[in-house]
Amino acid sequence: IQLKQVSTPKEQLDYVIYELLNEKNLSEVAVLFRNNASSTLYVSELHRRGIPFYMKDADDKFFNHWIIEDILNFMRLSFNMERKDIFVKIILKMNLYVSRKMVTQFENANTSGNVFDAFIKTVSLKERQVKKLKDYKKGYEAIPDMRPMRVIQLIRADLGYEAALKSRAEKFGYRFDHMNDILDTLENIAMPLRTMVEFAERLKELAEAVQNAKFNPPENAVTLSTLHSSKGLEFERVFMIDLQKGVIPSEDDEQDVRTLEEARRLFYVGMTRAKKRLELLSFREDEGKKKEA
């Protein structure tokens with residue numbers, strides 16, 4: 001049994017991938033995690049490096065999430081700044097505090113040309129909203145020459161998407177940290193890619209790879225599974241990843257003695273899947289924030 005704490009989630013991912021590259025009998029290896037969200041970056045990197053994998057409980061909800069559709073719509077608008085149909089889908093996600101009524105008014109108006117200019121002319125706005133829209137228009141003009149990872153960063157910060165998400169999370173009781181994790185994952189997927197078209201194609205490839213990994217698993221494949229779904233399975237070597245406070249135990253687990261006990265049992269299930277070698281992995285910080293193992 002080996003306890004290993006690395007600096008960041010990226011370092012944890014790199015360690016597991018390099019270890020898998022040196023494994024001859026991948027069918028005797030498993031990567032276990034508490035939440036399916038942890039698997040997406042591993043799927044991306046395994047697929048990119050051609051390492052065969054099987055998903056015990058494939059979950060393609062990540063690739064169908066509305067946040068991903070938002071990001072793709074932000075990108076689509078950059079290809080044609082006159083696309084009114086796309087603009088009305090994302091303007092409420094730009095932290096402008098415009099109302100649905102304003103958007104409907106614009107949608108029904110007979111306008112043409114650049115959507116940012118057209119919106120300013122059509123709808124009655126406050127001075128600060130006009131300034132933001134003009135700033136966003138400038139930001140958009142720079143997008144076509146950017147790599148997709150930088151585009152996502154610009155959408156998050158300069159176009160106000162992350163602030164809009166935070167506001168929505170507070171209003172509807174969503175978990176903002178979960179939303180941020182999705183955006184971080186998208187940045188990591190986009191990192192090696194050159195164009196937004198490549199990025200969109202990559203997401204489609206990964207969604208298909210997840211489905212294939214469940215229904216048409218290749219021979220000699222490493223198993224990816226949640227701790228819960230690993231019950232009854234055994235492997236020569238097991239990696240348990242993301243063993244952080246906030247994940248296992250989660251904040252919800254710590255609110256109740258019974259759920260905390262269930263998290264403890266789940267941890268035990270993961271540990272006892274290993275016949276010969278067990279590696280318990282955690283990281284010290286994520287995005288500059290200290291993490292507790």
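Structure values in brief
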| item | result |
| --- | --- |
| Under 21 Å from the Cα of residue 171 - lysines, other chains or at least 8 residues apart | 89, 93, 101 |
| Filtered GluC sites (Glu not before Pro), region 154-219: DSSP coil and at most 16 other beta carbons within 10 Å | 219 |
| Nearest-ten-degree value, helix 176-190 long axis tilted from longest Cα axis of the chain | 90 degrees |
| Student exercise, region 24-141 dipole from Lys, Arg, Asp, Glu Cβ charges, in Debye to nearest 20 | 460 debye |
| Surface per residue (accessible, 1.4 Å probe) for the chain, Å² | 54 Å² |
| Cα gyration tensor shape of region 1-120, rounded if a/c is under 1.5, else prolate or oblate by comparing a/b with b/c | prolate |
| Difference of contour (0.36 nm per residue) and Cα-Cα distance, residue 21 to residue 168 | 48.7 nm |
| Rounded to 10°, Cα long-axis angle of helix 39-49 versus longest principal axis of the chain | 80 degrees |
| Carbon/sulfur fraction of accessible area - the chain, other protein chains in place, 1.4 Å, % | 47 percent |
| Expected 222 nm ellipticity per residue - DSSP helices of 4 or more, -39500 (n - 2.57), all of the chain, to 500 | -16000 deg cm²/dmol |
| Per-peptide average of other Cβ atoms within 10 Å, ordering 254-264, 147-157 highest first | 147-157, 254-264 |
| Rounded, prolate or oblate (a/c below 1.5 giving rounded, otherwise prolate when a/b exceeds b/c) for region 101-195 by Cα gyration tensor | oblate |
| Angstrom value of the Kirkwood radius, inverse mean 1/r, which spans all Cα pairs in region 129-278 | 19.1 Å |
| Electrostatic dipole magnitude of region 158-293 [Cβ: Lys, Arg +1; Asp, Glu -1; Cα centre; debye, to 20] | 480 debye |
| Rounded, prolate or oblate (a/c below 1.5 giving rounded, otherwise prolate when a/b exceeds b/c) for region 145-228 by Cα gyration tensor | oblate |
| Alpha carbon convex hull of the chain, volume per residue in cubic angstrom | 144 Å³ |
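The values are calculated or read from the model by the stated rules, or taken from the named source; none is laboratory data. Nothing here was measured: the structure is a model prediction, and the numbers come from that model. Glycine gets a Cβ as well: all are built from the backbone with ideal geometry, and neighbour counts include every protein chain shown. Each accessible area value is taken on the protein alone, full model and side chains, heavy atoms only, with ligands, DNA and RNA left out. Shrake-Rupley method; radii C 1.70, N 1.55, O 1.52, S 1.80 Å.
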